[in-house]
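The values are calculated or read from the model by the stated rules, or taken from the named source; none is laboratory data. Remember, predicted model here, so these are calculated numbers, not experimental data. No Cβ is skipped: glycine too gets one built from the backbone with ideal geometry, and neighbour counts run over all protein chains shown. Quick note on the areas: whole protein, heavy atoms, side chains included, nothing else; ligands and nucleic acids left out. Shrake-Rupley method; radii C 1.70, N 1.55, O 1.52, S 1.80 Å.
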Amino acid sequence: MKKIGCLFVAFAAIAFGFRPLAAQLDDPHLCAMGSVRYVLTGDWNRFNLFDLGNNPAWLHEKNTPDWLRIWNNNGYTRGNFRRLYDPAKINSSAISFAGTKRLNEKHTFLGRVTYFNDQLIGVPFALEKNPYAADPFILTDSSSGGYRFWGPDIDVIYSRKLSNRFNMGAELQYTLDSAVRDEEAMVRIVQRNLISRIGFTFKLSGLVTTGVTYSYKNLFDMTEVPKRQDGRVPVTYRYRGYIISRRELKTYPRNAMSFHHVIENQWLLKPVNSLVFLLQAGYHFHYLDLYDGSSVRYYEAYWQQNEATFNFIGKYSRPGSPWVCIGFANGNFSSDWSKHYRLPVLITEQSKNDLEYGLGISFQPGHHVYRMGAEISVGSGDYRFSDYIGHADFDAKILAPEIRLGGEYFFNEILSAQAGVQLRDYRLNGEMPYLLSSNLQNGLSFGLSLYQEKYLLEFVAVFRRDNPKAPGLGQRNHFELILNSKFNLH
Amino acid sequence: MNKRFPFILLTFLLLIACGRKKPLNIDGQARINILVADTTGTFPVDPVLGYAPIPNIKVLIQSIEYDYLESKETDKYGLAIFDDLFASEYKVIASRNVGKGAYELNMSATKDVEVYQRRTAVDTLYCSVAKMSGLVINEIYYAGPVNNAYYFYDQFVELYNRTNTTLYLDGIIVSRASQTINPNIEINDYVETLYCFQFPGKPLGKQYPIQPGQFVVIAQDAFDHSKVIANAVDLSNADWEFYDGYGGDWDNFDVPNVNNIRPDKTVDFMINLVHNAVVISDGTEYTVTDNYVRIPLSTILDGVEYSKSASRSKEMTTRVDAGFAGVGLAKYSGQSTQRIEPGYDSNNSTLDFILLDHPTPGRQ
């Protein structure tokens, strides 16, 4: 359920550094309604430990009937307003098959297979798919080129009810993608991503449920530099700091092996009927080794990150009332550093503190009439980054107020239309090489849904434009089309 | 559950204990102090300091691992200080021309200095002195054209008269240096060479002039090589051609020959495609040993050592060339290397030479 399904939400999440509440990203309904993702309810943002807490143990308790889903999305990004290593154009498409099977009163499975195709056109310098990943190392050369990453993403979740109070679950996700650069240096990139997660939930009482998850993520990223027949080595520069790169004249593959341990604790509290809280706190430990794939492995550098996160959502709705109020807050506090592999000296050091808080209100007068919601949030960030090799220090603060408005109108029992608006004022004060400069993001979304007893068909279109505040930087447009069909199997 | 939870927590803590300790020191704080001194008598010994400092000599440090290069001039004490360096091995090169015209001398020295474990490296460079010649090697094309057929027969050496008087090529020897790591290269008073080809005429004779600002191209084979490999060099109009009369070399009768003087080396003037050195000497003196020809330093007019990698060990004395031309130039790339400006010579090819995407025989 973690495959990014809506650029609109994903870009905001990535830009802000929040760990998204990933499950809800798959919900085209939320995308169509301006990504009003807390106060409006879709299939994947219900108040439970699976949807909002990402705990596989609660899948069984979610108690949904068996279903099968086929989903397709196509995204297009164009425009000159971008960061140094961002592609000039992105064409992405994915097709996904997912389904849930409730075997009996104790076992539930959820499986999903996605096949994706991400075409990155005109990527300057970067010989990586994600040059702006958390680690500071970017493999580069002096030219531009394009990539077409494609591959499968397989995700399986199993949930078991052990007793009336105790559930356990496990998740295994495997992603494999590869691409060959279409220009010099014609590097071949292979990424293998393995995520395993185990979770437990425990009902302390009818009012309090708690859960804990442990996740292990392992990413292997290999970049092969082809040896040309004329003996030339097309890669001239390699990572090490932002300002100064290591000169490289060898063609050995470059490997990045990343390990990520996460432990998270969730609490679902329902002190009274009209009030419910969900609180999640997590600790992440992340480290990465860079090395050449020569016969005698040459270690290049080491990177380590410690990160603490929290997510809070509180919902108030009086029984029978059409109004729902929500308050939410997300925090992400991390510090990381990298060092020379052999020498006890720091190469880079970085700290990131992100905080987002907001309020939401929704109104739904009745079933299958209409519903509307609004959310306002303020995100703030405080980033510091030091490149000790290049003698460069960066310091930046972010303030990003955002308004999201969305609604759904039911023409009749089977047909509804959704629309939404998203406005975000992204203010960057300072300088940070991996962040966009200040801009205004304006988004519009539209959706159409056809409900039947046995199936659901949805069509969603999302458009967003990023307008920089400084003149002469161009703009960036994102457009996404989603087709979703869901079949009830019961 | 309550009993298991501490175990799970302990397991997790053990996992994260795999992390490393954050170092206390930061990179980019190293320093290299270079003192440049003269022991040849060109500069006077300072009675207070007790040595002969060379002021205003350009000192260049080039990281072997990183794309980083910095240069400074020494102060009156002959001292150049480089601060805020990152951990790396650096090639340190000092070079300065003194005097003018026929009395122009070059003082140069080079050394590898590393700052890994220690924060400050202190070293002294003792400069050697070399007489600057009016006739220099201006371009060497050795890599061969882009091809899969191992074709490199369009190699050439280009000479240039950088003075404003006519010079003469009579008896001048063009040599390919031997490729051995000799620990005594900075002590020996000669350069060991593998092949020697000599212009006709007696050394110091005046039959074959080269005018001021004139380029002279000596081709391995004066032939239009583009007839064989499309992007190879057309050398049919070369000024001279290397000719091995002992080995049955192909000869263009319209182009005069620079002849092999070693009957035991029956090959054309072929030089290494990655790392080698070419030397020109006035031809007045040389000694033939079992395998090599020794060219006395006093007869050498110019020498250029080239290498694809700056980290390779020097095979020719820094008294002839303190650096490397052609760094980054790969074999069968069709690229060439020539001086930044015609005849520009500081006796350090790292500073003097640039890479060319295509060779330019007979012109800059």
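Would you calculate, for chain B, the mean residue ellipticity at 222 nm contributed by helices, counting each DSSP H stretch of 4 or more residues as -39,500 (n - 2.57) and dividing by all residues, to the nearest 500?
Value at 222 nm, helices only, nearest 500: -1500 deg cm²/dmol.
Using alpha carbon centroids, what distance separates the stretch B:195-270 and the stretch B:124-170, in Å?
So the two Cα centres are separated by 14 Å.
Using only protein heavy atoms and a 1.4 angstrom probe, determine the accessible area buried between A and B, summed over both sides, in Å² to the nearest 100.
Accessible area lost upon association: around 3400 Å².
Along the charge dipole of the protein assembly as shown, which of A:Gly474, A:Tyr115, A:Tyr214 sits closest to the positive end, that is, farthest toward it, with unit charges on the beta carbon of Lys, Arg, Asp and Glu (+1, +1, -1, -1)?
A:Tyr214
So, for the stretch B:30-131, what is the accessible surface per residue at a probe of 1.4 Å, expressed in square angstrom?
Per residue, the stretch B:30-131 has an accessible area of 47 Å².
Write down Rg/Rh for the protein assembly as shown, rounded to two decimals, with Rg from the C-alpha atoms and Rh from the Kirkwood relation over Cα pairs.
A ratio of 1.11.
Output the pairs from A:Lys161/A:Lys203; A:Lys227/B:Lys331; B:Lys308/B:Lys331; A:Lys352/B:Lys22; B:Lys265/B:Lys314; B:Lys76/B:Lys131 with a Cα-Cα distance over 19 Å in this structure; if there are none, say none.
Too far apart for the 19 Å limit: B:Lys265/B:Lys314; B:Lys76/B:Lys131.
Once fully extended, how much extra length lies between A:Phe479 and A:Asp393, figured as 0.36 nm per residue of separation less the alpha-carbon to alpha-carbon distance?
Additional length available on full extension: 27.4 nm.
Accessible area per residue, 1.4 Å probe, Å², for the stretch B:296-364: what's the number?
In whole numbers, the stretch B:296-364 has 31 Å² accessible per residue.
Against the longest principal axis of chain B, how steep is helix B:4-16, in degrees 0 to 90 to the nearest 10, with axes from Cα atoms?
That helix lies at roughly 30 degrees to the long axis.
To the nearest 20 Debye, how big is the dipole of chain A about its Cα centre, given +1 on the beta carbon of each Lys and Arg and -1 on that of each Asp and Glu?
Dipole of chain A, to the nearest 20 debye: 520 debye.
Take the stretch B:30-131, drop everything but the C-alpha atoms, weight them equally and run the Debye formula without solvent; then report log10 I(q)/I(0) at 0.15, 0.20 Å⁻¹ to two decimals.
The computed values of log10 I(q)/I(0) come out as -0.59, -0.95.
Let's see if you can work this out: charge +1 on each Lys and Arg Cβ, -1 on each Asp and Glu Cβ, no other charges. What is the dipole magnitude of the protein assembly as shown about its Cα centre, in debye to the nearest 20?
Dipole size: approximately 4520 debye.
Work out from phi, with θ = phi - 60° and the Karplus expression 6.51 cos²θ - 1.76 cosθ + 1.60, the ³J(HN,Hα) of each residue of the stretch A:332-343, listed in order in whole Hz, and give x for Gly and Pro.
Using θ = phi - 60°, the values come out as 8, 10, 9, 9, 9, 8, 10, 9, 4, 5, 9, 9 Hz.
Among B:Tyr66, A:Gln422, B:Ser333, whose Cα projects farthest towards the positive end of the dipole of the protein assembly as shown, with charges put on the beta-carbon of Lys, Arg (+1) and Asp, Glu (-1)?
A:Gln422
Measure off, as a whole percent, the carbon and sulfur share of the 1.4 Å-probe accessible area of the protein assembly as shown, all protein chains present.
57
Quick one: if the Förster radius is 22 Å, what FRET efficiency do B:Gln211 and B:Thr284 give, using the C-beta to C-beta distance and rounding to 0.05?
My answer for the efficiency is 0.45.
Quick one: angle between helix A:7-16 and the longest Cα principal axis of chain A, in degrees between 0 and 90, rounded to 10, please.
Computed tilt is about 60 degrees.
How far is it, in nm, from the label point at A:Tyr216 to the one at A:Tyr298 when both lie 7 Å from their Cα along the line to the Cβ?
Each label point lies 7 Å from its Cα, and together they span 3.2 nm.
If I model the stretch B:135-356 as equal point scatterers sitting on the Cα atoms and use the Debye formula, what is log10 I(q)/I(0) at q = 0.07, 0.08, 0.16 Å⁻¹?
After summing over all Cα pairs, the log10 values are -0.19, -0.25, -1.12.
Take peptide B:23-32, look around each residue's Cβ out to 10 angstrom, count Cβ atoms belonging to other protein chains, and average those counts.
6
Among B:Tyr208, A:Tyr158, A:Gly75, whose Cα lies farthest out toward the positive end of the dipole of the protein assembly as shown, if unit charges sit on the beta carbon of Lys, Arg (+1) and Asp, Glu (-1)?
About the Cα centre, the residue reaching furthest to the positive side is A:Tyr158.
Roughly how far apart, in whole Å, are the Cα centres of the stretch B:33-83 and the stretch A:343-392?
First find each Cα centre; the distance between them is then 53 Å.
Averaged per residue, what accessible area in Å² does the stretch A:7-488 show with a 1.4 Å probe, protein chains only?
40
Using alpha carbon centroids, what distance separates the stretch A:444-490 and the stretch A:64-88, in Å?
So the separation of the two Cα centres works out to 10 Å.
Compare the peptides A:354-363, A:314-323, B:137-146, B:67-76 by average per-residue count of other Cβ atoms within 10 angstrom and give them in order, highest first.
Descending mean neighbour count gives B:137-146, A:354-363, B:67-76, A:314-323.
Can you pull the mean other chain C-beta count within 10 Å for peptide A:342-350?
Rounded to a whole number, the mean comes out at 5.
When the dipole is taken about the Cα centre of the stretch A:175-329, and only Lys, Arg (+1) and Asp, Glu (-1) are charged at their Cβ, what size is it in debye, to the nearest 20?
200
Can you give the helix-only mean residue ellipticity at 222 nm for chain A, where every DSSP H stretch with n ≥ 4 adds -39500 (n - 2.57) and the sum goes over all residues, rounded to the nearest 500 deg cm²/dmol?
Result for chain A, helices only: -1000 deg cm²/dmol.
Could you give the length gained by full extension between A:His367 and A:Tyr115, i.e. 0.36 nm per residue of separation minus their alpha carbon distance, to one decimal place?
Going from the current span to full extension adds 87.1 nm.
How about the stretch A:364-400: which of its residues lose at least 50 Å² of accessible area in the presence of all protein chains relative to their chain isolated, using a 1.4 Å probe?
With the partner chains in place, the stretch A:364-400 has these residues losing at least 50 Å²: A:Tyr388, A:Ile389, A:His391.
Using a 1.4 angstrom probe on protein heavy atoms only, which residues from the stretch B:34-81 are buried by at least 40 Å² of accessible area when all chains are present rather than their own chain alone?
Buried on complex formation: B:Glu65, B:Tyr66, B:Asp67.
Using only alpha carbon pairs under 8 Å that are at least six residues apart, calculate the relative contact order of the stretch A:7-488 and give it in whole percent.
Answer for the stretch A:7-488 is 14 percent.
For peptide A:239-246, how many partner chain Cβ atoms fall within 10 Å of a residue's Cβ, on average?
3
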